[in-house]
Amino acid sequence: FNLSYKRIPFTTQWLEYPSIAPTMKSLGADPLVPASRSSNGEPFYTLPVIYDPNHDKYVTDSFAIAQYLNNVYPTPGRELFPEGTVALLHAWEAALTG
């Protein structure tokens, strides 16, 4: 949704659940939860993940993706967060996800 809203062209690659971790590892994408913070000592990978070919960068996690797109691709009138709310939204997300 965020990419469409900001009118950034993209393609979608669908993955089966068992393919997420191996695919993300092979691409060099960061895990959502690194091994050092994981309960089983293994990194935890999830979707969505975007790849920005303009900056050769993978970004993991919906909130991080939205922040990245807002910062790297500012689009007047198509901001993803109301001005001055990012800290509050980040605190809200942290409270919800523990």
Select one label from (1) 13.2, 41; (2) 14.7, 44; (3) 14.8, 48: the one whose number is Rg and Dmax of the Cα atoms in Å as derived from the coordinates shown. (2)
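Quick check on the chain: helices-only [θ] at 222 nm, where DSSP H runs of length 4 and up contribute -39,500 (n - 2.57) each and the sum goes over total residues. Nearest 500, please.
Result for the chain, helices only: -10000 deg cm²/dmol.
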Using amide H atoms built 1.01 Å from N in the peptide plane, name the residues 5+ places from Val33, or on other chains, whose amide H lies under 5 Å from its own. Phe44
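Determine the gain in length on full extension of the stretch Ser36-Ala94; use 0.36 nm per residue of separation and subtract their C-alpha separation, reporting nm with one decimal. Don't skip to the end; give the middle numbers.
Values: separation 58, 0.36 × 58 = 20.88 nm, distance 1.83 nm.
Full-extension gain reported as 19.0 nm.
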If you average the sequence gap of Cα pairs under 8 Å that are 6 or more apart and divide by the length of the chain, what percent do you get for the contact order? 21 percent
Springs between alpha-carbon atoms under 10 Å, Gaussian network over the chain: tell me which of Leu15, Leu80, Leu47 tops the mean-square fluctuations. Leu15
Listed residues Ala21, Ala35, Ala66; largest mean-square fluctuation, Gaussian network over the chain with Cα springs below 10 Å, found at Ala35
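No value in this document is a laboratory result; all are computed from the given coordinates. Note that the structure is predicted; figures quoted are calculated from it, not measured.
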